[in-house]
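Chemist: Right, I'll just put the structure down here and ask away after.
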Amino acid sequence: MIKAIMLDLDGTLLDNLHRISDTNKKILKKLEDKGIKIFLATGRSYESMRSYHEELNLTTPAICYNGAKIIYSHGNEKEYPVKERPLQILIDIARKYKTHLNIYQHEIWYSENIKNEETKIYREISGLKPVEKDFDSLDEMFSTKVLYIGEQEKLLKIEKNIKNKLGDSVHTTFSKPFFLEILDGNVNKGTAMKNIMEEENIPLSQVIAFGDGLNDKEMLETAGIGVAMDGAFDELKQVADHVTTSNNESGVGEFLKKYL
């Protein structure tokens, strides 16, 4: 018996125009009315994902920044940021490779260049407005998550450099081929889901999780049933129990309709 559904947003629940289809909304509402709990788990900041949480009228905890921040309906939150020493190394690596870097503090998106193409791409996806900031003059030295944006070939080299310098103190993952995301070493969507399911007293075997990016990998592996979208990374499809139709074809709703 399924008691919870864990949903990634971009490329999964949302179509390519960043909307929740009527099919997905109707199916999720029916399942919620039957007592199944619906959770959103995204790499987005809370400010960027909040409208979707409200659109679905959810009161369940919101998993943001790939699990680096959890926002509860009563206003409490938990945060597990990248801290001072690793953050400085990540900034230095971005400068060495001349690669765009995003830093997040208190729901504010900071970048040293807010007029380049990378900022434009991220702004269109997230709906957020960037704040230009010299990273040498940050008032606080932490970031909820760290995001490099660039060509995948270069990002793979950066990821290798990060692992050589920081090892397991950080967790690296790709939400899209051009988004390299860095988190505290203990943070990923799977760990966040496990902790929240313990709080909700729901066995992991009774959870279905949906995703499309490598940042969903731990979540799909940890859930009782892991479902990858048709457009997902091949590596994610290999660990999934099922593959459903694409995010533009309401793949979440169509799978749930057949399965539940």
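Chemist: Would you mind counting up the charge near Thr59? Only other residues with Cβ under 11 Å from its Cβ, with Lys and Arg at +1 and Asp and Glu at -1. Please list the in-between numbers first.
Modeler: Numbers: positive: Lys37; negative: Glu32, Glu54.
So the environment of Thr59 carries a net charge of -1.
Chemist: How charged is the neighbourhood of Glu199? Take every other residue with its Cβ under 12 Å from the Cβ of Glu199, and add Lys/Arg as +1 and Asp/Glu as -1.
Modeler: +1
Chemist: Please list, ordered by chain and number, the residues whose modelled amide H lies under 5 Å from the amide H of Trp109; skip anything fewer than 5 residues away on the same chain.
Modeler: Excluding prolines and chain starts, which carry no amide H, the hits are Val131.
Chemist: Sticking with the crude label model, points 7 Å out along Cα→Cβ, report the distance from Arg123 to Glu249 in nm, one decimal please.
Modeler: About 3.5 nm separates the two model spin labels.
Chemist: Step through the residues of segment 32-45 one at a time and calculate ³J(HN,Hα) from phi using the Karplus curve (6.51 cos²θ - 1.76 cosθ + 1.60, θ = phi - 60°), rounding each to whole Hz and writing x for Gly and Pro.
Modeler: Values per residue, Gly and Pro as x: 5, 5, 8, x, 7, 8, 10, 10, 9, 10, 9, x, 5, 6 Hz.
Chemist: Return the lysines within reach of Lys163: Cα separation strictly under 24 angstrom, same-chain partners fewer than 8 residues apart disregarded; answer none if there are no such residues.
Modeler: Within the straight-line cut-off, Lys163 pairs with Lys69, Lys83, Lys96, Lys98, Lys145, Lys154, Lys176, Lys189, Lys217.
Chemist: Assuming R0 = 25 Å, what is the FRET efficiency of Lys78 and Leu156, from their Cβ-Cβ distance, to the nearest 0.05? Write down the numbers at each step before the final one.
Modeler: Values: r = 31 Å, r/R0 = 1.24.
In this case the efficiency is close to 0.20.
Chemist: Label Lys163 and Ser51 with points 7 Å out from Cα along Cα→Cβ: what is the distance between them in nm?
Modeler: With each label placed 7 Å out from Cα toward Cβ, I get 3.7 nm.
Chemist: Can you tell me the 0 to 90 degree angle between the C-alpha axis of helix 117-126 and the longest principal axis of the chain, rounded to 10?
Modeler: Roughly 30 degrees, rounded to the nearest 10.
Chemist: Only residues of segment 46-88 count here: report those whose backbone N is under 14 Å from the spot 7 Å along Cα→Cβ of Val131, or say none.
Modeler: Taking a point 7 Å out along Cα→Cβ of Val131, the residues of segment 46-88 whose backbone N falls under 14 Å are 47.
Chemist: Oh, and also: In whole Hz, what ³J(HN,Hα) sequence does segment 149-160 give by Karplus (6.51, -1.76, 1.60; θ = phi - 60°), x for Gly and Pro?
Modeler: Each residue of segment 149-160 in turn: 10, x, 5, 4, 4, 6, 5, 5, 5, 5, 4, 4 Hz.
Chemist: Compute the helix-to-body angle for 84-96: its Cα long axis versus the longest principal axis of the chain, expressed 0 to 90° and rounded to tens.
Modeler: That works out to roughly 70 degrees.
Chemist: List the relative contact order of the chain as a percent without decimals, with contacts defined as Cα pairs under 8 Å and 6+ residues apart.
Modeler: On the way: 514 pairs, mean separation 56.5, N = 260.
With pairs under 8 Å counted, the relative contact order is 22 percent.
Chemist: At 7 Å along Cα-to-Cβ for each site, give me the label-to-label distance between Lys26 and Gln206 in nm.
Modeler: 2.8 nm
Chemist: Right, next: With 24 Å as the cut-off, how large is the P(r) tail for segment 84-184, expressed as percent of Cα-Cα pairs?
Modeler: Cα-Cα pairs in segment 84-184 separated by more than 24 Å: 14 percent.
Chemist: Whole-Å semi-axes of segment 127-245's equivalent ellipsoid, largest first, each the root of 5 times a Cα gyration tensor eigenvalue?
Modeler: 28, 18, 14
Chemist: At most 14 other Cβ atoms within 10 Å and a DSSP loop assignment: could you name the GluC sites (Glu not before Pro) in segment 135-222 that fit?
Modeler: The qualifying sites are Glu140, Glu151.
Chemist: Specify the angular offset, from 0 to 90 degrees and rounded to the nearest 10, of the alpha carbon long axis of helix 189-200 from the longest principal axis of the alpha carbons in the chain.
Modeler: Approximately 50 degrees, to the nearest ten.
Chemist: Oh, and also: Before rounding to the nearest 500, sum -39500 (n - 2.57) across all DSSP H runs of length at least 4 in the chain and divide by the residue total; then give [θ] at 222 nm in deg cm²/dmol.
Modeler: About -10500 deg cm²/dmol.
Chemist: What is the Cα centroid distance between segment 211-254 and segment 134-166, reported in whole angstrom?
Modeler: Here the two parts' Cα centres lie 26 Å apart.
Chemist: Which cross-chain or sequence-distant (5 or more) residues have an amide H under 5 Å from the amide H of Asp184, H modelled 1.01 Å from N in plane?
Modeler: When sequence neighbours closer than 5 places are left aside, the close amide H contacts are Val82, His171.
Chemist: Would you mind classifying segment 21-174 by shape? Square roots of the alpha carbon gyration tensor eigenvalues, ordered a ≥ b ≥ c; an a/c under 1.5 is rounded, otherwise it is prolate if a/b is larger than b/c and oblate if not. Before the final figure, lay out each step's value.
Modeler: Numbers: a/c = 2.01, a/b = 1.88, b/c = 1.07.
Since a/c reaches 1.5 and a/b is larger than b/c, the shape of segment 21-174 is classed as prolate.
Each reported figure results from applying straightforward, stated rules to the coordinates on display, with no laboratory input. Values in this document were obtained by computation on a predicted structure and should not be read as measured data. Every residue, glycine among them, receives a Cβ derived from its backbone with ideal geometry; neighbour counts consider all protein chains shown.
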